[in-house]
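The values are calculated or read from the model by the stated rules, or taken from the named source; none is laboratory data. Being a predicted model, the structure only gives us computed values, none of them experimental. A quick note on method: Cβ atoms are made from the backbone with ideal geometry, for glycine too, and the neighbour counts reach across all protein chains shown.
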Amino acid sequence: MALQIISAADRLENVDLSSLASVFVGSSAITPGQKQKLFEVLASRGALTGQQDGSAIFDGYGMSETMSGITTWSKDGTLATRARPGTVGYLIPGAEARIISESSSHPAGEDVPKHTAGELCLRGPTIMKGYLGDPQATRATFTSDGWLKTGDKVMIDADGHLVYIDRLKDTFKNRGKQVSPSEIASLIYAHHSGEITELAVIGVAAGGDSQRSTGDEAWAFVVPKGASSVTREEKDRLAESIMAVTRKHLSIHKHVVRVLFLDQLPKGPTHKVLLKALRNLAADIVSDGKLHFKL
């Protein structure tokens, strides 16, 4: 919904949002650039009076396995007035968290040092007991001592805020170094929010003759504004600009090497982008040798 508001801001032109005091975002991660753009759209229609920036918009965190949201912006009974950038709030009362090493093979997991990123594990009264009729999946999702492994890479800051980084299965390695797609997407959106409606970044296995890297390369799938009317030349310019931005601001292992344009990103019932579908599409393109800016 947040991204739909951003991409269709003109539809709110005559809507009075002066009574809108708070905004909470869930279901899917939103980048700082997207959050700031959402704030600007809403504020221009009278919403969030007195607020100055995107910190007036709060992120939440949860999953089906936690029954609902597992974080809150209320601490000691007091609701925060501003969100800390990059964080998704505090754990709800009764919930416990630990962060374990991504590389540990210990059945109970191994805790990482304080303020270090790793896989978030949860325990508490709202955590599921298991997957109905699927004991194998249940065993794979819990540590041997009963903690739910979320599959999300996070850290906890000094004040107890949960800092969401990325889905572990979405991160990839290039030149032996970890790459976070959300970091790349956030940078691209910050520089091209006026030209892009939707964006997703994935890692794609580099071809055997690639001299650029070892491991996976970053590909960006982009839905440009007015997708159906954007010319090939305009797409080529935007693609080159996107790649140039990553070359300028990010380390070499995070550079985007392919930009592909779609009319829309594939999504599931909850409007989350289906990254598996994009990976399959990328695999087909690689196998067919169709490495073009435009699909």
Among the residues of the stretch 18-36, count how many are in contact (Cβ under 8 Å) with a residue 60 or more places away in the chain and of a type outside the set (Ser, Thr, Tyr). 4
Answer yes or no: is there a residue in the stretch 142-154 that is free of Cβ contacts under 8 Å to residues at least 40 places away in the same chain and farther than 30 Å from residue 75 by Cα. yes
Here are some residues: 226, 203, 160. Which one is loosely packed, with under 13 Cβ neighbours inside 10 Å and either touching a strand residue (DSSP E or B) at 6+ places or on another chain (Cβ under 6 Å) or of a type in the set (Val, Ile, Thr) (or both)? 160
Of all residues in the stretch 49-72, which are of a type outside the set (Val, Ile, Thr) and over 30 Å from residue 126 (Cβ atoms)? 50, 51, 52, 53
So which of 21, 29 is closer than 24 Å to residue 168 by Cβ and at pLDDT below 90? 29
Please enumerate the residues belonging to the stretch 216-273 that are assigned to a helix (DSSP H, G or I), touching a residue at least 12 places away in the same chain (Cβ under 8 Å), of a type in the set (S, T, N, Q) and more than 15 Å from residue 191 (Cα to Cα). 228
Among (1) of a type in the set (Phe, Trp, Tyr); (2) in contact (Cβ under 8 Å) with a residue 60 or more places away in the chain; (3) touching a helix residue (DSSP H, G or I) at 6+ places or on another chain (Cβ under 7 Å), residue 39 falls short only on (2)
Taking only pairs six or more apart or across chains, which ones have beta-carbon atoms under 6 Å, a first residue in the stretch 1-17 that is in contact (Cβ under 8 Å) with a residue 24 or more places away in the chain and under 15 Å from residue 31 (Cα atoms), and a second residue that is of a type in the set (S, T, N, Q) and outside any helix (DSSP H, G or I)? 7/197
Among the residues of the stretch 1-19, which ones are of a type in the set (Gly, Ala, Ser) and more than 16 Å from the chain's Cα centre (by Cα)? 7, 8, 9, 18, 19
Taking the stated definitions as given, is residue 146 surrounded by fewer than 17 Cβ atoms within 10 Å (Cβ to Cβ), on the phi > 0 side of the Ramachandran plot, assigned to a loop (DSSP other than H, G, I, E, B) and out of contact with any strand residue (DSSP E or B) (no Cβ under 7 Å at 6 or more places or on another chain)? no
So which residues in the stretch 150-200 are over 13 Å from the mean Cα position of the chain (by Cα), in a strand (DSSP E or B) and farther than 24 Å from residue 100 by Cα? 196, 197
